[in-house]
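The values are calculated or read from the model by the stated rules, or taken from the named source; none is laboratory data. Treat the numbers as computed from the prediction; the structure is a model and nothing was measured. A quick note on method: Cβ atoms are made from the backbone with ideal geometry, for glycine too, and the neighbour counts reach across all protein chains shown. The area values use the complete protein model at the heavy-atom level, side chains included, leaving out ligands, DNA and RNA. Shrake-Rupley method; radii C 1.70, N 1.55, O 1.52, S 1.80 Å.
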Amino acid sequence: MGGSENGATDNQNKPTETSLSPDSIINLDQGDPTLFEPYWKKMGDKCTLVIGGCDLMSYFSDSSNICWFLQPQLGDAIKGLHRVVGNAVTDGRHIVVGTGSTQLLMAALYALSSPSASHPVSLVAAAPYYSGYKDQAEFLRSGLYKWEGDAHTFDKDGPYIEVVTSPNNPDGTIREAVVNLGEGKLVYDLAYYWPQYTPITHPLDHDIMLFTFSKCTGHAGSRIGWALVKDKEVARKMTEYMQISSIGVSKESQLRAAKILGVLSEGCQHFRTADSENFFEYSHRIMRERRESLQNVVKNSKIFSLPKFPQDYCNFTGKYTDSNPAFAWLHSKEDIDWENLLREHKIIGRSGERFGADPKYVRISMFSPPEAFNLFLERLSAIIDNTNGNVVGGEESSIIK
């Protein structure tokens, strides 16, 4: 999703412990948030959960709930965290849990489509859009919906679904709907609307809002996401999709998420005290330091740039804060194929073309382990020195095509 990134590695035991050589390939394509692991290590047994061999054997969690496989503990933890952070309205909402927000997007598309329609409903997102939307929409070749690309250029009559990602993946901007036509339905992907990435200006109140455990806390491996859904029938159809596609969601993962979200909420109650640094303070500091380190390198370039974001008042922190996007959206004012240029320097990024943009853009994950991120900065600095030396009097080297 705006928040779900593919890319598992062979060594799953200690992903933040790396041993990189000067010749190592640095993969900054995926948004794998292992940089938050040190904080959760410090929590020790606070997040430990013991599950017995006879526990959680039934498919069902709460048969009286529309989402009958949602563990009540997770539902309570989700509501509690949103209440503490103030980023989304939960009163009067149905919670649908999914295997990450990726599955929930597919469930929302199913719920908002009509099987009796003569044509598939159009699916759009404003460019640059999350590259996974197109892949997900086209993977099953469904007759219910059809990917139509950039919302800015969409002008067809009839029903449509627009996915609004805010803050946006890849560029970190705050988004609203673009098309605004009468027969449209909106799905808000809010994977990054948490205090470490952006100021929390107000609780969002939309018909369908998607969140993911992976980008909230960094626990991508648990594969937990949730949707806050206003309409009962839409929630029912989303649950139906989940039932057909996976017969629910792992209870073990749900209980782990509930435990960790509870610890997170409890830590927020001590915010702005000397007791301890809560997770959002910690992760905001880490993301800010990375953003500033990258800015200090890019500012020396004559042709490369990063988006600039104004400070805004964050209701959670009670002060003006900066945006610290999960991804860097690097731009070249010259005609450079960023993805290929980085590969020449053993750096893997994701081309702007994958996001409906120009190849002069590239997305770089800010989630990599410290050693990999620092090596990336060294190599990027060398690229900048090289390009600066070859842009003289308007003449271009072979790097700039």
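Select from the range 108-126 the residues that are among the small types (G, A, S) and more than 13 Å from D189 (Cβ to Cβ) and list them in ascending order. Residues satisfying the conditions are A111, S113, S114, S116, A117, S118, S122. State whether one or more residues within the range 250-262 are assigned to a loop (DSSP other than H, G, I, E, B), in contact (Cβ under 8 Å) with a residue 24 or more places away in the chain, surrounded by 17 or more Cβ atoms within 10 Å (Cβ to Cβ) and assigned by the TED database to the domain that holds G86. Yes: one or more hits.
Taking the range 55-166 as the region of interest, none of the helices (runs of 4 or more DSSP H) fully inside it holds 3 or more residues being touching a His at 6+ places or on another chain (Cβ under 7 Å) and in the same structural domain as I208 (by the TED database).
Restricting attention to the range 199-208, the residues that are buried (at least 22 other Cβ atoms within 10 Å of the Cβ) and under 18 Å from V163 (Cβ atoms) total 1.
Which one is surrounded by the most Cβ atoms within 10 Å (Cβ to Cβ) among residues in the range 158-186 that are among the small types (G, A, S) and closer than 22 Å to K308 by Cβ? Break it down stepwise before answering.
Kept after step one, since they are among the small types (G, A, S), are these residues of the range 158-186: 158, 166, 172, 177, 182, 184.
Subset that is closer than 22 Å to K308 by Cβ: 166, 172.
Numbers: S166: 21, G172: 23.
Per the stated criteria, the residue is G172.
Filtered by the rule that a residue be within 18 Å of W68 (Cα to Cα) and of a type outside the set (S, T, Y), the range 97-116 gives V97, G98, G100, Q103, L104, A107, A108, A111. Please give the number of the condition D275 fails out of (1) modelled with pLDDT of 95 or more; (2) surrounded by fewer than 21 Cβ atoms within 10 Å (Cβ to Cβ); (3) not in a helix (DSSP H, G or I). Only one criterion in (1) modelled with pLDDT of 95 or more; (2) surrounded by fewer than 21 Cβ atoms within 10 Å (Cβ to Cβ); (3) not in a helix (DSSP H, G or I) is unmet by D275, namely (1). Against the numbered list (1) surrounded by fewer than 20 Cβ atoms within 10 Å (Cβ to Cβ); (2) part of a strand (DSSP E or B); (3) of a type in the set (D, E), E233 comes up short only at (2).
Scanning the range 209-230 for residues that are open to solvent by less than 10 Å² (accessible area, probe 1.4 Å) and either outside any helix (DSSP H, G or I) or of a type in the set (A, V, I, L, M) (or both) returns M209, L210, F211, T212, I224, G225, W226, A227, L228, V229.
Mind checking which residues of the range 103-121 are surrounded by fewer than 22 Cβ atoms within 10 Å (Cβ to Cβ) and not hydrophobic (A, V, I, L, M, F, W, C)? Once the filter is applied, which keeps residues that are surrounded by fewer than 22 Cβ atoms within 10 Å (Cβ to Cβ) and not hydrophobic (A, V, I, L, M, F, W, C), the range 103-121 yields Y110, S113, S114, P115, S116, S118, H119, P120. Within the range 286-296, not a single residue is more than 23 Å from the chain's Cα centre (by Cα) and either at pLDDT below 95 or in the same structural domain as W194 (by the TED database) (or both). The set of residues in the range 7-57 being at pLDDT 95 or above and hydroxyl-bearing (S, T, Y) consists of Y39, T48. A search for C-beta distances below 6 Å between a residue of the range 129-158 that is over 21 Å from A111 (Cβ atoms) and any residue that is open to solvent by 80 Å² or more (accessible area, probe 1.4 Å) and at pLDDT 95 or above, counting only pairs 6+ apart in sequence or on different chains, returns S131/R354. All conditions in (1) within 18 Å of R223 (Cα to Cα); (2) in the same structural domain as T239 (by the TED database); (3) open to solvent by 40 Å² or more (accessible area, probe 1.4 Å) hold for E37, with the sole exception of (2). Are any of the residues in the range 297-306 touching a strand residue (DSSP E or B) at 6+ places or on another chain (Cβ under 9 Å) and closer than 19 Å to I200 by Cα? Among the residues of the range 297-306, not one is touching a strand residue (DSSP E or B) at 6+ places or on another chain (Cβ under 9 Å) and closer than 19 Å to I200 by Cα, which makes the answer no. Quick check on V89: is it in contact with an Asp or Glu (Cβ under 8 Å, 6 or more places away or on another chain), open to solvent by 10 Å² or more (accessible area, probe 1.4 Å) and more than 18 Å from A258 (Cβ to Cβ)? When the stated conditions are applied, V89 passes them. Taken across the range 187-197, residues that are within 28 Å of F309 (Cα to Cα), at pLDDT below 95 and not assigned by the TED database to the domain that holds S351 do not occur at all. Within the range 293-347, being among the hydroxyl-bearing types (S, T, Y), part of a strand (DSSP E or B), touching a residue at least 40 places away in the same chain (Cβ under 8 Å) and open to solvent by 20 Å² or more (accessible area, probe 1.4 Å) holds for Y313, Y320.
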